[in-house]
1. Wholly within the stretch 622-739, which helices (runs of 4 or more DSSP H) include no fewer than the required count, namely at least 3 residues that are under 25 Å from residue 516 (Cα atoms)?
2. Just to check your reading of the model, which residue among 675, 711 is modelled with pLDDT of 90 or more and either in contact with a Cys (Cβ under 8 Å, 6 or more places away or on another chain) or surrounded by 18 or more Cβ atoms within 10 Å (Cβ to Cβ) (or both)?
3. Which members of the stretch 282-322 meet the condition of being assigned to a helix (DSSP H, G or I), crowded, with 17+ Cβ neighbours inside 10 Å and of a type in the set (A, V, I, L, M)?
4. Would you mind telling me which numbered condition in (1) of a type in the set (A, V, I, L, M, F, W, C); (2) touching a residue at least 24 places away in the same chain (Cβ under 8 Å); (3) more than 23 Å from residue 475 (Cα to Cα); (4) out of contact with any strand residue (DSSP E or B) (no Cβ under 6 Å at 6 or more places or on another chain) residue 271 fails?
5. Would you confirm whether or not the stretch 377-391 contains a residue that is more than 37 Å from the chain's Cα centre (by Cα) and on the phi > 0 side of the Ramachandran plot?
6. Kindly indicate whether any position in the stretch 164-180 is modelled with pLDDT under 85, outside any helix (DSSP H, G or I) and open to solvent by 30 Å² or more (accessible area, probe 1.4 Å).
7. Could you check the stretch 488-520 and list, in sequence order, the residues that are closer than 24 Å to residue 675 by Cβ and open to solvent by 60 Å² or more (accessible area, probe 1.4 Å)?
Amino acid sequence: MDQETELLELSGSIESIIYKNEENGYTVLRLRDGNDQIHTVVGTFPYAAQGERLILSGTWMTHSVHGKQFKAEFAQRLMPVDETAIYEYLAGGSVKGIGPATASLLVHRFGDKTLEILENAPEELAKIKGIGPAKAEQICRSFRKQTGVRRLMEFVCSFGLRPVLAMRMYKYYGDEALDVLRENPYIVTASHIGGSFGEADHLAQEMGMDEHSPARIQAAVRFELRHNCSNGHCFIPREKLAASTAQLIGVEESDAEEQIRQLSEQGLIVCEDIAKVHACYLPELYEAETDAAQRLAHMSLQRFDEHVDLNALLRRIEERQKIHYAQNQREILKLALEHQLVVLTGGPGTGKTTALRAIIEMFDQIGLKTLLAAPTGRAAKRMTELSGRESSTVHRLLEAKFAEDGARVIFGRDENEPLDCGAVILDECSMVDILLLDSLLRAMPADARLVLVGDADQLPSVGPGNVFSAIIRSEVVPKVCLTEIFRQNEGSRIVRNAHMINRGEHPDLSENSGDFFRLKRLQAAGTVETVTELVSKRLPEKMHIPSGDIQVLSPTRKGELGTAALNKRLQEVLNPPDKKKREKAFGDATFREGDRVMQIRNNYDITWRNTANTAVGSGIYNGDIGRILQIDPDGETLTVDFDGRIAEYSFDTLNELEHAWAMTVHKAQGSEYRAVILALSNSSPMLLTRDLLYTAVTRARELLILVGDDATAYRMIDNFRQTRRYSALRVRLRQLRGL
């Protein structure tokens, strides 16, 4: 806003709420002023409610559609004080459990002390007939949460920070959140809060913290380590850490070096010389990497003598499976029988699934209880479909849940409560990061076998480390790499082109036949319309592939061909507005009944039931795909069906969902779809890489359609510059084995 613009004042009470966004607090409301005039007001008023009094500073503006509005820049919010205003506030549904009838009872009983009773005296509330102690406590808890969140949001917003940060802080710290924030403003950079260092730094300096204070520099150091962890690094070399910290906050590198030393002495970071690098770790990553290396190195040495006639065993399995195994498939079976730890890797069409089924059958034959797992829900479901055996996510296998503080994930299975099994087969290992692998290894019984399965040429994990590749490159773990394309897959252009891409060769994209097609489009607008037409009409009508079996992929979230824009366009066509379908606006998205959505973070606490209401469970995981069944505006809930698991979301947790007609290639990893449409456009060279294109192509089971420019696809194939990840797992494994 222009600094010379004079702010005007407007005051009054909220007559009604027109629109509110729970994620960022943006609200449109009607305000009745002292002259009984009604005005439209827009601004950030988290948890605003009818009857609340506001003193606003802002400017008048004219909206092209909605006319004259008051745009509030600052707001002083006053709770209602007289009985009439308190009744209107409570009767409007601002507090869960209180409607007009209950509001009338409360105000009649407590008068202008009603809000004070709600905040501090549930025992008084319980004296009212029909409420009782349990309901009274529930109502008061709801009111205290609302007022607590609102006070915290007002504090956060007064410094220009995002309201969603306050909501997350309150979730983790409750009524103490404001005190925690005042004591350490850099808490907002914690992973469970999700604020940037810039936001925390602005708050700290506004609160008077010295820009050269050790607390500020130490917070910057730890933020750099956490930030780079999300970029896949387990550690950062000390000189790079000092330089990036100094650049981030404008201090001398020597000052950053000193605080790195201080943090190391305090045990808040770990510094160690490894492979001629002075590496700086967050403690949890150092522990995970060193512990995983020790366990893997030990397991790689363990061998078993089952006294089994392997050839006879294989003949029985071949008869049962009605198949004859190739030589390298027989080799992995031999290794899995004799060794505690083995690796099976290979590209599409090379018989990896057949070998996996054979390993399961062999373990059954020798009496081992085998557990199957994958990193994501979609990958676990695919593993179940391919193997015919129940599979689960690693998190579900390890009984993951949030700790009481809500800030950490803990596992019910570990070295003290190991898994009940004789073997674990872990699929899609390229997606497994060092923290997840270490958690699984800790929960393994001492003598249990572990089979690691995956395609090492796919994208690495989103989390820290390049685990699968590091284990293979260490050359300390027995492994089989399947390379031969089986005859039944030789005719597949998806398989053939995938292998060409992986070798760095350019397939003939003009050869539109079989299961691989390219539709050349040079402009983004044309690509969007082609993708939309393919999903909504051409494939369903001409190839009888329902829209629900088609997955649109893009390298990026942003831009005209990013998933955000594609999902908006696909929603318009596949699930347009309908008077019979309820909607819920949230942030930049509008969720509608019938929408296809995806869970975008692990939620271990959310409960679900099956469609028959005969079973319940907990946990919906990052990458799970579902369909919105119902939106309940009164109960402020949204219900999603995740392949038969029915989960309910409150409106303030909708940031865990996003539309899923289109998704990034990273999100699709580990999944397989009947048909894949890949929308290509010019983007960052960091995204347009060979492994990303290879991963996208191998997501398709029956049909792959590439929509875009051939030149972009060829640039991706030629871009084999893999971003270096700072990890010492390979080095540690070799050192522990004396290599």
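1. Values: elements: 665-668, 690-697, 710-718, 729-736.
Once the helices (runs of 4 or more DSSP H) in the stretch 622-739 are filtered for at least 3 residues that are under 25 Å from residue 516 (Cα atoms), what remains is 665-668, 690-697, 710-718.
2. Details: 711 fails: either in contact with a Cys (Cβ under 8 Å, 6 or more places away or on another chain) or surrounded by 18 or more Cβ atoms within 10 Å (Cβ to Cβ) (or both).
Exactly one of 675, 711 is modelled with pLDDT of 90 or more and either in contact with a Cys (Cβ under 8 Å, 6 or more places away or on another chain) or surrounded by 18 or more Cβ atoms within 10 Å (Cβ to Cβ) (or both), namely 675.
3. 285, 288, 292, 293, 296, 297, 299, 313, 314, 317
4. (4)
5. Filtering the stretch 377-391 down to residues more than 37 Å from the chain's Cα centre (by Cα) leaves none.
No, there is no match, as no residue in the stretch 377-391 is more than 37 Å from the chain's Cα centre (by Cα) and on the phi > 0 side of the Ramachandran plot.
6. no
7. 488, 490, 491, 496, 506, 508, 510, 511, 512, 514, 520
Every residue, every condition in (1) outside any strand (DSSP E or B); (2) on the phi > 0 side of the Ramachandran plot, yes or no:
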site: 61; (1), (2): no, no
site: 69; (1), (2): no, no
site: 77; (1), (2): no, no
site: 80; (1), (2): yes, no
site: 86; (1), (2): yes, no
site: 95; (1), (2): yes, no
site: 111; (1), (2): yes, yes
site: 114; (1), (2): yes, no
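The values are calculated or read from the model by the stated rules, or taken from the named source; none is laboratory data. Bear in mind the structure is a predicted one, so any value in this text is a computation, not a measurement. Here Cβ is always computed from backbone atoms with ideal geometry, including for glycine, and neighbour counts include all displayed protein chains. Remember, those area values only see protein heavy atoms, side chains included, never the ligands or the DNA or RNA. Shrake-Rupley method; radii C 1.70, N 1.55, O 1.52, S 1.80 Å.
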